[in-house]
1. For residues that are on the phi > 0 side of the Ramachandran plot and surrounded by 11 or more Cβ atoms within 10 Å (Cβ to Cβ), tally how many sit in region 44-61.
2. Failed condition for Arg41, given (1) out of contact with any helix residue (DSSP H, G or I) (no Cβ under 7 Å at 6 or more places or on another chain); (2) assigned to a helix (DSSP H, G or I), with all others met?
3. Taking region 49-66 on its own, how many of its residues are in a loop (DSSP other than H, G, I, E, B) and out of contact with any helix residue (DSSP H, G or I) (no Cβ under 8 Å at 6 or more places or on another chain)?
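No lab work stands behind these numbers, since they all come straight from the coordinates. No experiment lies behind these values; they were computed from the predicted model shown. Cβ placement follows ideal geometry from the backbone for every residue including glycine, while neighbour counts extend to all protein chains displayed.
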Amino acid sequence: MSDAVSAAPTAKAVLTHIVKSIVDQPDTVMVDEVTDGGKTRLDVRVGPGELGRVIGRRGRTAASIRTVTRAAASRDGVDIDIEFLDS
């Protein structure tokens, strides 16, 4: 979602900050907001070779990121999904 109005600005900011602090190349991190049928999804793209670091062993880092970001989304009053994508 590239317009000026975001359904989950707090969640998007928190997610962006967390992912940028984990990866080696924070400039390659992109978080896109997609709204489909009332459901908001945040797509996270990271640089080559960085996806494993964001997902972590057995997906524990990704699960923790999702938990914290969903808590932030509750401040925005929305329910979100998060997808981690490799660029």
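1. Filtering region 44-61 down to residues on the phi > 0 side of the Ramachandran plot leaves 49, 56, 58-59.
Right, trim to surrounded by 11 or more Cβ atoms within 10 Å (Cβ to Cβ) and you get 49, 56, 59.
Adding up the residues that qualify gives 3.
2. Single failed check for Arg41: (2).
3. Taking region 49-66 first, the residues in a loop (DSSP other than H, G, I, E, B) are 49-50, 56.
Filter once more, so that each one left must be out of contact with any helix residue (DSSP H, G or I) (no Cβ under 8 Å at 6 or more places or on another chain): 49.
Qualifying residue count for the region: 1.
Matching residues to (1) surrounded by 11 or more Cβ atoms within 10 Å (Cβ to Cβ); (2) under 14 Å from the mean Cα position of the chain (by Cα); (3) not basic (Lys, Arg):
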| residue | (1), (2), (3) |
| --- | --- |
| Ala8 | yes, yes, yes |
| Lys12 | yes, yes, no |
| Leu15 | yes, yes, yes |
| Gln25 | yes, no, yes |
| Glu33 | yes, yes, yes |
| Leu42 | yes, yes, yes |
